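Colleague: Sharing a structure, written as structure tokens. Questions coming.
The values are calculated or read from the model by the stated rules, or taken from the named source; none is laboratory data. Small disclaimer: the values here were computed from a predicted structure and weren't measured. Cβ sites come from the backbone with ideal geometry, for glycine too, and all protein chains shown count toward neighbours. For the accessible areas, the whole protein counts, side chains as well, though only heavy atoms, and no ligand, DNA or RNA atoms are used. Shrake-Rupley method; radii C 1.70, N 1.55, O 1.52, S 1.80 Å.
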Amino acid sequence: MTFLGCGYLGATYAICFAELGYEVLGVDVDERKIQALAAGQVPFVEPGLSELLNRNLAAGRLAFTTDYQQAADHGDVHFICVGTPQRADESASADLTYVEAAVTSLVPHLTRDALLVGKSTVPVNTTEWVAQLAAKHAPSGVQVEVAWSPEFLQEGHALEDVLRPNRLVFGVSSPAAEAALRAAHRGVFELALQDDRQVPVVVTDPATAELVKVAANAFLATKISFINAVSAVCDAAGADVTDLAKAIGLDARIGTAFLRAGVGFGGGCLPKDIRAFQARAAELGVGHELRFLHEIDGINQRRRLHVVQLAAGLLDRTSSRPTGADLTGCTVAVLGAAFKPHTDDVRDSPALAVAGMLHQHGANVVVYDPAGMDNARRVSPHLQYAPSFEDAVSDADLVCVLTAWDEFRHADPAAIAQLVAAPRVIDGMNCLDADLWRAAGWTYRGIGRQQHS
Ligand code: UDX
């Protein structure tokens, strides 16, 4: 099998499926990325992946190439794992350029029938379009079938999510495609049996499979924005959103997951996926039914500004500016740049966005992240970066913890208090022990936990 696209998604899948025993070829147009992977270097941070990459390279089950002819010769099943970024235009719909490029680069080289399986997150009805594209470019006599099987992996937890998925969704148009997909996941089923588990498989049509992914991400985004909106009420009323989330989550119909209030959601998926979902619904004439997702996005964006306003309040720098803050001359340590812990991914990172806003409001911002520094520097070169946690907080008027890395969660507040200019902290992910920090002399502000102040 081949995996077309070797970014976070494709490289992880290629490596994990080699680990499951398949002969895998990873394909990408980026020569540097392919050279790195072939040399045993994972070009991003994902716990455990490097070890698996090297083991499977050594075992000879895994190879990487930029050559689509080689890909066509290698595989009968080709997984499409390329990016589907948000378009820069006003529509904010998904850009399918890379999907188109992968299909039109591969298909003309095929010499036998093949199954293309989409894994990338796409607008509903993309499978139909890909099938037409493939039919147009296929050599005569070669049949290309197209199926969609969305992925649900979470960065930082990706190996487990691929090797031990909580469900598989096969969007197929024929029993033959379903059989081929079951065979392509035999290793996943066998691993589950070893653990005495079953992997639920939902077999459906391709359009439903495409929608499953965007609906799942829209639901998760809604949960997060819901609890963040409630956190604002908690702040205003003097209640505690963490106790509230625990209490409502104990209702099995609600569940505890994705009810962590904070600075909001980011990353390469949730923000762009809810916008693309709205855009596609509008194209289908039902955009009004998803209008609430616009508000989910709005709540999420306002959480970022809320941190700036909290900072202004704590530093006594509220102003008559429209945003209510003027931080000129204040030094703020921003702890965190990755969009969440256990990754170096800074795409649409709330931490980095807040750092940028603090900077715009005049603050002298110093950023530190255990893994995301290189990416952060590339995306936000105008900010200052410190080589360590200690350097970042040194002489700060305010510390903002915006990514819940263990290094920050388990830090000793008494020791850090010795380094800062003034012991003030904003816990943007509610990940610190508030009592411990207060006991060490800190003025602590969480999100939706105002009654403790
Ligand atoms: C997400 C989906 O979870 C995954 O199924 C899909 O395949 C890709 O998109 P990912 O983007 O890796 O995965 O991160 P996720 O763990 O979902 O977190 C997304 C964002 O939500 C992060 O910024 C995180 O900090 C935030 N979040 C998550 C919260 O603010 N509160 C929560 O309770 C949970």
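Colleague: Quick one: which helices (runs of 4 or more DSSP H) lie wholly within the stretch 36-145 and hold at least 3 residues that are among the hydroxyl-bearing types (Ser, Thr, Tyr)?
Modeller: Values: elements: 49-58, 68-74, 97-106, 126-137.
Where helices (runs of 4 or more DSSP H) fall fully within the stretch 36-145 and carry at least 3 residues being among the hydroxyl-bearing types (Ser, Thr, Tyr), they are 97-106.
Colleague: Let me ask something else about it. Scan Ala353, Ala376, Ala338 and give me the residue that is within 16 Å of the ligand (Cβ to nearest atom), out of contact with any Lys or Arg (no Cβ under 8 Å at 6 or more places or on another chain), at pLDDT 95 or above and in a helix (DSSP H, G or I). Step through it out loud before you land on a result.
Modeller: On the way: Ala353 fails: out of contact with any Lys or Arg (no Cβ under 8 Å at 6 or more places or on another chain); Ala338 fails: in a helix (DSSP H, G or I).
Just one listed residue meets the conditions, Ala376.
Colleague: Please specify each residue of the stretch 1-35 satisfying the condition of being under 16 Å from Cys81 (Cα atoms) and part of a loop (DSSP other than H, G, I, E, B).
Modeller: Met1, Gly5, Cys6, Gly7, Asp28, Val29, Asp30, listed by residue number.
Colleague: Can you list residue pairs whose Cβ atoms sit under 9 Å apart, with the first residue in the stretch 239-259 being polar (S, T, N, Q) and the second being open to solvent by 80 Å² or more (accessible area, probe 1.4 Å)? Count only pairs 6 or more apart in sequence or on different chains.
Modeller: Thr242/Arg260; Thr256/Lys246; Thr256/Leu250
Colleague: Kindly evaluate Thr256 against the criterion of being within 16 Å of the ligand (Cβ to nearest atom) and either outside the structural domain of Ser349 (by TED's automatic domain parsing) or surrounded by fewer than 16 Cβ atoms within 10 Å (Cβ to Cβ) (or both). Working first, answer last.
Modeller: Working: within 16 Å of the ligand (Cβ to nearest atom): yes; either outside the structural domain of Ser349 (by TED's automatic domain parsing) or surrounded by fewer than 16 Cβ atoms within 10 Å (Cβ to Cβ) (or both): yes.
So Thr256 fits the description; yes.
Colleague: What are the residue pairs meeting all of these: first residue in the stretch 195-223, first residue away from the ligand (no atom under 12 Å from the Cβ), second residue acidic (Asp, Glu) and open to solvent by 30 Å² or more (accessible area, probe 1.4 Å), Cβ atoms under 8 Å, and 6 or more apart or on different chains?
Modeller: Val203/Glu178; Pro206/Glu128; Ala207/Glu128
Colleague: Name the residues in the stretch 358-369 that are more than 16 Å from the ligand (Cβ to nearest atom) and surrounded by 19 or more Cβ atoms within 10 Å (Cβ to Cβ), would you?
Modeller: Filtering the stretch 358-369 for residues more than 16 Å from the ligand (Cβ to nearest atom) gives 358-368.
Result: Leu358, His359, His361, Ala363, Val365, Val366, Val367, Tyr368.
Colleague: Being under 21 Å from Lys213 (Cα atoms), touching a residue at least 40 places away in the same chain (Cβ under 8 Å) and of a type outside the set (D, E, K, R) is true for just one of Thr97, Thr126. Which residue is that?
Modeller: None of the other options fit; the residue is Thr126.
Colleague: So in the stretch 206-252, with the set limited to residues that are open to solvent by less than 70 Å² (accessible area, probe 1.4 Å) and not in a helix (DSSP H, G or I), which one is farthest from Gln154 (Cα to Cα)? It would help to see each step written out before you state the result.
Modeller: Quick first cut of the stretch 206-252, residues open to solvent by less than 70 Å² (accessible area, probe 1.4 Å) only: 206-218, 220-225, 227-232, 234-235, 238-242, 244-245, 247-249, 251.
Of the ones still in play, those that are also not in a helix (DSSP H, G or I) are 238-240, 251.
On the way: Gly238: 34, Ala239: 31, Asp240: 28, Asp251: 24 Å.
Here the answer is Gly238.
Colleague: Consider the stretch 14-43. How many of its residues are within 22 Å of the chain's Cα centre (by Cα) and free of Cβ contacts under 8 Å to residues at least 24 places away in the same chain?
Modeller: Here the count works out to 1.
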